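Remarks on the structure that follows.
Derivation of every value follows stated rules applied to the coordinates shown; laboratory data play no part. It should be emphasised that the depicted structure is a prediction, and the values quoted were computed from it without experimental measurement. Don't worry about glycine lacking a Cβ; one is built from the backbone with ideal geometry, like all the others, and counts go over all protein chains shown.
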Amino acid sequence: MSGHRTYSDIISVLVVDDSLTSRALIALALKRNPKIKVVGTAGTPLEAKDLILKLKPDVLTLDVEMPGMNGLQFLEKIMRLRPMPVVMVSSLMAPRSEMTEMACRLGAVECFSKSSGEHGEAIFAGLADAVVRAASQHGSAHRGMSTGFSAGSDSIVAIGASTGGVEALGEVLGSFPEDCPPTVIVQHMPQQFSKNFARRLNAISRPDVCLVTDGCKLVRGKVFIAPGGDAHTEVTRTGRMSPYSCHLVSGPSLNGHRPSVDALFFSVAQVAGRHAVGVILTGMETDGARGLLAMREAGARTIGQDRNTSVIYGMPKAAFECGAVETQLPLSEIGPSILRLAEHRTQESH
């Protein structure tokens, strides 16, 4: 399936554990698998952070108990700042334990419990298989810090904006990595400006930004802008494991707009449900409020821009007052929050 690693790829792994002995034993156990290359080891979160930036490993193995910052705290920082596949390794990682559930909620791909009663390298028997599973589900060996999730299990992001949205969207997308979640945006603007707007965002963003075309597939690393004028942009899906697609749908204007934020949000609520993140940014009037409420009622996570950072606190206010907004945030916090929520939703779908 698109986005999955092929088994001819070598999986680069960084081992993080405060015990020198454990680091050596983990590295020894992993090296026995020809698909895996241990590219480095770290004894502290600070050292691990530097090596992640330097080595760009495909998978991280991470201990829970470490000095200064425990593994779960470090995991949360990784998923917020540099999302990547992480295998938690600890004797505390028993199946269905509270620690395991917390690690999974924070974004761990696998939780490996050290084999009790074993000695030496045998303690970590099976860890290599967990690393290969993590890389196979999530890894792309050649995209740096890519998380490479399969199209069928991805969360999608839907964003609506109007007055003030051109600048706001630039700031939100400025925090998106190259391998961002599939994202669809409705920004109210005349048709003749849509193409140049998409080009401008593409020039300042790490993901690819382009206009929606009928039938285009939503994939990681792509941000789609609904073209102004003739049609609404809606999201569809043919089956549970099929990728989401965008379609241009003819119809009268909704809330005075075509494309309408509500039209996008209603479609996402119907086809993606809890596997979506909805965002309402600065804008006049009320477009998007009812659609965002439908998304939240379908289980999606929802964000609204706060009053202080909105050029016009109309659309976010309407969405907040009708109960559609789960969290109100200043503009600077919205991009990182989208990424964090989308990654957690994707992790939960596995």
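Relative contact order of region 11-138, taken over Cα pairs closer than 8 Å and 6 or more residues apart, is 26 percent. A cut-off of 5 Å between modelled amide H atoms, ignoring neighbours fewer than 5 places along the same chain, links V212 with I225, A226.
Packing around the peptides 64-75, 255-266, 123-134, 80-91, taken as the average count of other Cβ atoms within 10 Å per residue, puts them in this order, highest first: 255-266, 80-91, 123-134, 64-75.
Taking the square roots of 5 times each eigenvalue of the Cα gyration tensor of region 11-138, largest first, gives ellipsoid semi-axes of 18, 17, 15 Å.
For the listed residue pairs K56/K317; K49/K114; K35/K222; K31/K77; K49/K317; K77/K195, the alpha carbons are over 31 angstrom apart in K56/K317; K49/K317; K77/K195.
Backbone amide hydrogens, once placed in the peptide plane, bring I36 within less than 5 Å of I11, excluding anything fewer than 5 places away on its chain. Compute the distribution of all C-alpha to C-alpha distances in region 170-294, in bins of 10 Å from 0, and list the percent of pairs in each, rounded to whole numbers. In whole percents, the pair-distance histogram is 14, 46, 37, 4.
A full extension of the chain between I204 and M69 corresponds to an added length of 45.2 nm, given 0.36 nm per residue minus the alpha carbon distance. Whole-Hz Karplus values for region 167-182 come out as 6, 4, 5, x, 6, 4, 5, x, 9, 7, x, 4, 9, 5, x, x Hz, taken residue by residue from phi with 6.51 cos²θ - 1.76 cosθ + 1.60 and θ = phi - 60°; glycine and proline positions read x. Computed on the chain, with alpha-carbon pairs under 8 angstrom and 6+ residues apart, the relative contact order is 15 percent.
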